[in-house]
Amino acid sequence: MKSRILAISGSSRRGSLNAKLLDLAVSGAQRPGYSFLTRRLRVAHLYEADWEAEHAQLRRELRLLVAEPHGLSIAFPEHNGGYTALLKNSIDWISPPEEYEKLEGSVFLGKLAAVMSA
C-alpha cells in the first residue's frame, strides 16, 4: 500500500514562492511507495456558524481531503511572524469533529506533517 501525502500551499498569490517551494519539495520527495496530491488554498471564509450551515458539504469535502492521506506537507509565507489568515481559516474549518461523520476527532490527529516557508 502506498503512503499518501497531501501537499498544501497556504498562499493564494499567483507565482507564490511557497507554492514553488512545495512543488520542488514534492518533486524531490518522489519515492516508490509514496503518492502526493498537491492542492492550493484559494479562499477560506471566516469561521462562522451561519455560513458553515449553508456550506456543510464543502466543509465535509475539505475534511475528507485532509483525513484520507497519511501525512501532510504545508508551505506558507510568514505574515506578521505567523502563518497566513488563509491557512488559519482553512484549519478552523477542517479541524472540529462532527458527530454525524464517520471521522472521529480532528482529522489532524496522528498525522505526520512537514511545514516549510520561503
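Just so it is clear, none of the values below were taken in a lab; they were calculated from the coordinates. The structure displayed is predicted, hence computed values, not measured ones. Every residue, glycine among them, receives a Cβ derived from its backbone with ideal geometry; neighbour counts consider all protein chains shown.
Numbers for the structure displayed
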{"item": "Computed magnitude of the charge dipole of the chain (debye, nearest 20; Cβ of K, R +1, Cβ of D, E -1)", "result": "760 debye"}
{"item": "DSSP bridge orientation in the chain - percent antiparallel, rounded to nearest 5", "result": "5 percent"}
{"item": "Projected area, mean over directions - the chain, Cα convex hull, nm²", "result": "8.0 nm²"}
{"item": "Dipole of the chain, positive end: most advanced residue of 95, 62, 113 [Cβ charges, Cα centre]", "result": "113"}
{"item": "Taking 88, 2 and counting other C-beta atoms within 10 Å, the order from fewest to most", "result": "2, 88"}
{"item": "Sequence-distant residues sharing a close amide H with residue 116 (under 5 Å, placed H)", "result": "74, 75, 76"}
{"item": "Residue order, fewest to most beta carbons within 10 Å, for 63, 4", "result": "4, 63"}
